[in-house]
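Let me begin by presenting the structure, written as structure tokens, before commenting on it.
The values are calculated or read from the model by the stated rules, or taken from the named source; none is laboratory data. Just so it is clear, the model here is predicted, and its values are computed rather than measured. Positions of Cβ are backbone-derived with ideal geometry, glycine not excepted, and every protein chain shown enters the neighbour counts.
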Amino acid sequence: MDNLLFGLEELGITKTNGVDIFGEEKGDSRLKTKIEESTVSEQKESDFLFEKTMTCPVCDKSFKTKQVKIGKPRFIGTDSDLRPRYEGVDTVKYDAVVCLHCGYAELMRNFNSISSRQIKDVKENICNTFKGITNELGEYSYPAALQRYKLALYNGVVKHSKLSERAFICLKIAWLYRAQIESLSKDTEDYAKVAREYAINELMFTKNAYEGFFKAIEKEMPPICGMDETTVNYMLSDLARRCQDYENAEKFAFAVLSSRSASAKIKEKTRAELEIIKKEKASSNK
Ligand SMILES: [Zn+2]
């Protein structure tokens with residue numbers, strides 16, 4: 001299978017090939033690490049950021065992580081799969097928090113929600129050999145943000161976090177690849193080839209997000225990752241369409257349209273989604 005966690009080798013985490021992202025109780029891979037050198041870029045995005053001091057629930061040490069200033073960037077809207085867009089800053093980049101000392105990584109909202117058993121899992125599988133990561137100056141580059149997210153995903157695997165939580169990390173990684181395509185300069189050497197590579201990665205993580213959420217709704221009750229049932233069904237409809245699973249895409253969309261609790265706004269969005277599904281389905285049958 002593809003190595004979804006490629007890119008962690010630079011952090012020295014090398015045993016990720018063949019990792020089952022949604023495996024329940026698997027592996028006790030010992031990780032080797034080395035210090036990563038990250039690229040630094042200077043852009044206006046840094047004006048929206050501040051250094052937040054965090055205390056790690058795994059190693060109890062404090063460290064700084066970049067966060068987006070609340071209320072500072074202007075919200076523009078969302079993509080059809082709910083990816084948020086803000087003017088001047090990609091807020092998604094800053095949601096995966098990594099302890100610079102021990103390698104524990106999670107999305108900000110779940111960072112402190114860790115049980116003693118999970119702390120043990122992370123210590124044994126990640127901290128034991130992790131040698132540190134640097135807090136770059138300025139904004140995160142996309143490769144740096146992706147590396148943090150993949151480390152968060154790997155943490156999710158070793159501590160057996162909820163399927164939906166792992167799926168959400170996969171979805172956000174897909175968003176980062178999409179953003180990377182959008183930010184790619186047309187003057188880039190081999191532009192088409194590079195953009196295609198990012199698009200393949202985006203789709204690969206979208207498929208994993210879809211698979212993870214699909215499994216999660218059988219085991220977990222809403223709210224799922226902060227989303228109510230309607231929002232989850234809408235999102236699954238879009239993810240299914242992106243994965244060309246048109247039958248389920250329609251099924252999830254109809255679930256939204258037939259829901260009594262769904263708002264008029266999300267039903268309208270879902271009707272627009274259904275139109276796209278129909279068009280794509282028709283062209284895929286040609
Ligand atoms: Zn730590």
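Consider Asn201 carefully, then state whether it is within 22 Å of Gly156 (Cα to Cα) and either touching a helix residue (DSSP H, G or I) at 6+ places or on another chain (Cβ under 8 Å) or part of a loop (DSSP other than H, G, I, E, B) (or both). Before you say what the answer is, go through the steps one by one.
Details: within 22 Å of Gly156 (Cα to Cα): yes; either touching a helix residue (DSSP H, G or I) at 6+ places or on another chain (Cβ under 8 Å) or part of a loop (DSSP other than H, G, I, E, B) (or both): yes.
Yes, satisfied.
Among the listed residues Glu250, Glu165, which satisfies the condition of being closer than 30 Å to Ala262 by Cβ, surrounded by 15 or more Cβ atoms within 10 Å (Cβ to Cβ) and outside the structural domain of Thr65 (by TED's automatic domain parsing)? Break it down stepwise before answering.
Numbers: Glu165 fails: outside the structural domain of Thr65 (by TED's automatic domain parsing).
Step by step, each of Glu250, Glu165 is checked, and only Glu250 is closer than 30 Å to Ala262 by Cβ, surrounded by 15 or more Cβ atoms within 10 Å (Cβ to Cβ) and outside the structural domain of Thr65 (by TED's automatic domain parsing).
If Val232 meets every condition in (1) in contact (Cβ under 8 Å) with a residue 40 or more places away in the chain; (2) out of contact with any Leu (no Cβ under 7 Å at 6 or more places or on another chain); (3) surrounded by 14 or more Cβ atoms within 10 Å (Cβ to Cβ) apart from one, which number is that one?
Exception for Val232: condition (1).
To keep it simple, each residue is scored yes or no on (1) within 16 Å of the ligand (Cβ to nearest atom); (2) among the small types (Gly, Ala, Ser).
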| residue | (1), (2) |
| --- | --- |
| Asp60 | yes, no |
| Ile76 | no, no |
| Val89 | no, no |
| Val98 | yes, no |
| Gly103 | yes, yes |
| Asn112 | yes, no |
| Arg117 | no, no |
| Ile126 | yes, no |
| Gly138 | no, yes |
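Enumerate the pairs (first residue in the range 149-175 and over 14 Å from Leu5 (Cα atoms); second residue anywhere and at pLDDT below 95 and assigned to a helix (DSSP H, G or I)) with beta-carbon separation below 8 Å, excluding pairs fewer than 6 apart on the same chain, so at least 6 apart or on different chains.
Listed by first residue and then by second, the contacts come to nothing, as the list is empty.
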